[in-house]
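*Asks:* Provided herewith is a single structure, encoded as structure tokens, for subsequent inquiry.
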Amino acid sequence: MHRRLFACLVLALSFITVAHAQSAAPQAGFDVKAKQVYMIEAETGTVLFARAQDQAVTAASLAKLMNMATVFKALAGGEITLETQYPVTEHAWRTGGAPSRTSTMFAALKSNVRVEDLIRGVTVQFANDACIILGEGIAGSETAFAERMTKEARALGLDKSTFANATGLPNPENKVTMREMVTLARHLQATYPQYMRYYLEPEFEWNKIKQRNRNPLLALNIGVTGFVTGFSEEGGYSVVAAVNRDGKHLLLAMGGMESEKARIEESRRIIEWALSSFERRTLFKQGETIADASVYGGDSSVVPLVAGEQVDVFLPKDNSQRLVARVVYSWPVRAPVVPGQAVGTLKIWNDKQLLREVPVKTAGAVGVGTLRSRALDALVELFFFWI
């Protein structure tokens, strides 16, 4: 069989298996009392634990992460500054302030508050009045700001998360998933590192009322550096947390727990488990050929593929399952091909769990082939069209 046709048959009928190793299933021998869980090692993006991570659930105060993402973007774009002041409207005061009996920074009605103080109110005290004041000030109304939050979610690739208000207070349209909350937390850390310090402040005082940071995980001294906890009657207790300890950086989102005690205990358990049970391994070095992609109409039938970076994953230390890495791309790549051309994705699986996805690109150039070779490729493509 002609080598072009043989290569195309192999690539069309299966993924390209490019690596095998031994590893354990990401959650073998370990479980938590949460209905929805998603946990990754943030630097590599390796999935360490996942359960119902794409199930849309009540947002509650987890919505405050998107509130901050929208505010930080406004700061980065020069739309506002930390010194910008916004008024405390009656809606903000009644809905999220002292009369609301919810988390509040106790901003006084008809006073003006700086953006930086409002940010501290949200990140330290999970203050609903601060969320509304920011929303009204930036977008003109809380409703308009909620629409902006949802629009920003879509821009970040969060397809299921929607927001009906600036706070996460009860509304059936306030929905998030654990996977998307981890994605959002990762975006916040990567894009706005200068503002992450607010989440670590132990306390914040406003209107002569001092409140300690409402994130109970900070006091556990287990390496948590933020973010937020939530509760709703429908969805139970939830949390989104960042961890930086022992040279490892974790991001965790959990929901559906039955009590505040369970949220604290289960968060501690899964964090300690992840820190002690996994180790970093290199699958492919930067520039190392991962696979060959079939080329249509070129002076070569294949082109080598590489990742743009060293491909590392975090794997359990007690290796027992098979790790498989596969390159997925739209067959065939059409000539001419230039070096560095993005053509597909390397997907790394551990049993049934997708651990990581890495873009791959071409490592060489392929020119346009002869008339004969292009005619043969056309016949091959026609063959696969009919089958």
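The values are calculated or read from the model by the stated rules, or taken from the named source; none is laboratory data. Just so it is clear, the structure is predicted and the values come from calculations on it, not from any experiment. All Cβ positions, glycine included, derive from the backbone under ideal geometry; neighbour counts span all protein chains shown. Accessible surface areas use protein heavy atoms only, side chains included; no ligands, DNA or RNA. Shrake-Rupley method; radii C 1.70, N 1.55, O 1.52, S 1.80 Å.
*Asks:* Please verify whether the range 200-214 includes one or more residues that are open to solvent by less than 30 Å² (accessible area, probe 1.4 Å), closer than 19 Å to Tyr237 by Cα and not β-branched (Val, Ile, Thr).
*Replies:* Scanning the range 200-214 turns up at least one residue that is open to solvent by less than 30 Å² (accessible area, probe 1.4 Å), closer than 19 Å to Tyr237 by Cα and not β-branched (Val, Ile, Thr).
*Asks:* If Gly256 satisfies every condition in (1) in contact with a Leu (Cβ under 8 Å, 6 or more places away or on another chain); (2) of a type in the set (Gly, Ala, Ser); (3) part of a strand (DSSP E or B); (4) closer than 15 Å to Lys35 by Cα but one, which is the exception?
*Replies:* Looking at each condition in turn, Gly256 falls short on (1).
*Asks:* Another one. Please pick out the residue among Gly308, Gly340 that is under 27 Å from Glu279 (Cβ atoms), of a type outside the set (S, T, N, Q) and without any contact (Cβ under 8 Å) to a residue 60 or more places away in the chain.
*Replies:* Checking each option against the conditions leaves just Gly308.
*Asks:* Let me ask another. Just one of Thr81, Thr104 is in a loop (DSSP other than H, G, I, E, B) and surrounded by 23 or more Cβ atoms within 10 Å (Cβ to Cβ); which is it?
*Replies:* Thr104
*Asks:* Filter the range 266-287 for residues that are in contact with a strand residue (DSSP E or B) (Cβ under 9 Å, 6 or more places away or on another chain) and surrounded by fewer than 16 Cβ atoms within 10 Å (Cβ to Cβ); which is farthest from Glu41 (Cα to Cα)?
*Replies:* Gly287
*Asks:* Does the range 86-93 contain at least one residue that is open to solvent by 10 Å² or more (accessible area, probe 1.4 Å) and part of a loop (DSSP other than H, G, I, E, B)?
*Replies:* Looking for residues that are open to solvent by 10 Å² or more (accessible area, probe 1.4 Å) and part of a loop (DSSP other than H, G, I, E, B), one finds at least one in the range 86-93, hence yes.
*Asks:* Also, quick follow-up: Conditions first: (1) touching an Asp or Glu at 6+ places or on another chain (Cβ under 7 Å); (2) at pLDDT below 95; (3) open to solvent by 60 Å² or more (accessible area, probe 1.4 Å). Lys73 passes all but one, so which condition is the exception?
*Replies:* The single condition Lys73 does not satisfy is (2).
*Asks:* Now, a different point. I'm checking my understanding of the structure. Among residues of the range 111-126 that are surrounded by fewer than 22 Cβ atoms within 10 Å (Cβ to Cβ) and out of contact with any Phe, Trp or Tyr (no Cβ under 8 Å at 6 or more places or on another chain), which one is nearest to Thr70 (Cα to Cα)?
*Replies:* Glu116
*Asks:* Another question, then. Return a yes/no flag: does the range 328-336 have any residue that is in contact (Cβ under 8 Å) with a residue 12 or more places away in the chain, in contact with a Leu (Cβ under 7 Å, 6 or more places away or on another chain), open to solvent by 50 Å² or more (accessible area, probe 1.4 Å) and closer than 21 Å to Gly287 by Cα. Show your work before the answer.
*Replies:* Start the filter on the range 328-336 by keeping residues that are in contact (Cβ under 8 Å) with a residue 12 or more places away in the chain, which leaves 328-336.
Narrowing further to those that are in contact with a Leu (Cβ under 7 Å, 6 or more places away or on another chain): 331.
Remaining after also requiring open to solvent by 50 Å² or more (accessible area, probe 1.4 Å): 331.
Now drop any that are not closer than 21 Å to Gly287 by Cα, which leaves none.
No, every residue in the range 328-336 fails to be in contact (Cβ under 8 Å) with a residue 12 or more places away in the chain, in contact with a Leu (Cβ under 7 Å, 6 or more places away or on another chain), open to solvent by 50 Å² or more (accessible area, probe 1.4 Å) and closer than 21 Å to Gly287 by Cα.
*Asks:* Something else now. Just to check your reading of the model, which residue among Leu354, Leu346 is open to solvent by less than 10 Å² (accessible area, probe 1.4 Å), closer than 21 Å to Ala50 by Cα and touching a residue at least 60 places away in the same chain (Cβ under 8 Å)?
*Replies:* Leu346
*Asks:* Condition first: surrounded by fewer than 23 Cβ atoms within 10 Å (Cβ to Cβ) and within 21 Å of Asn171 (Cβ to Cβ). Can you find one or more residues in the range 55-64 that meet it?
*Replies:* yes
Residue by residue, here is whether (1) assigned to a helix (DSSP H, G or I); (2) in contact with a Lys or Arg (Cβ under 7 Å, 6 or more places away or on another chain); (3) modelled with pLDDT of 95 or more holds:
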residue: Cys131; (1), (2), (3): yes, yes, yes
residue: Glu136; (1), (2), (3): yes, no, yes
residue: Ala144; (1), (2), (3): yes, no, yes
residue: Arg148; (1), (2), (3): yes, no, yes
residue: Ala153; (1), (2), (3): yes, no, yes
residue: Ala164; (1), (2), (3): no, no, yes
residue: Leu169; (1), (2), (3): no, no, yes
residue: Val182; (1), (2), (3): yes, no, yes
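*Asks:* If you don't mind, there's one more thing I want to ask. If I go through the range 158-181 residue by residue, how many of them are within 26 Å of Glu142 (Cβ to Cβ) and under 20 Å from the mean Cα position of the chain (by Cα)? Walk me through it before giving the result.
*Replies:* From the range 158-181, those within 26 Å of Glu142 (Cβ to Cβ) are 158-178, 180-181; that's our starting set.
The next check asks that each one be under 20 Å from the mean Cα position of the chain (by Cα); those that pass are 158-163, 168, 174-178, 180-181.
Residues flagged as within 26 Å of Glu142 (Cβ to Cβ) and under 20 Å from the mean Cα position of the chain (by Cα) within the range 158-181 amount to 14.
*Asks:* Next up: Mind listing whichever residues of the range 33-50 are surrounded by 22 or more Cβ atoms within 10 Å (Cβ to Cβ) and acidic (Asp, Glu)?
*Replies:* Glu41
*Asks:* Continuing with this model, one more query. For the condition hydrophobic (A, V, I, L, M, F, W, C), at negative phi, open to solvent by 10 Å² or more (accessible area, probe 1.4 Å) and at pLDDT 95 or above, what is the one hit in Phe227, Phe231?
*Replies:* Phe231
*Asks:* If you don't mind, another one. Restricting to the range 127-167, what's the tally of residues that are over 19 Å from Leu188 (Cβ atoms) and open to solvent by less than 10 Å² (accessible area, probe 1.4 Å)?
*Replies:* Of the residues in the range 127-167, 4 are over 19 Å from Leu188 (Cβ atoms) and open to solvent by less than 10 Å² (accessible area, probe 1.4 Å).
*Asks:* Of all strands (runs of 3 or more DSSP E) completely enclosed by the range 269-320, which ones contain at least 2 residues that are modelled with pLDDT under 85?
*Replies:* Values: elements: 278-284, 291-296, 302-307, 311-316.
Result: 291-296.
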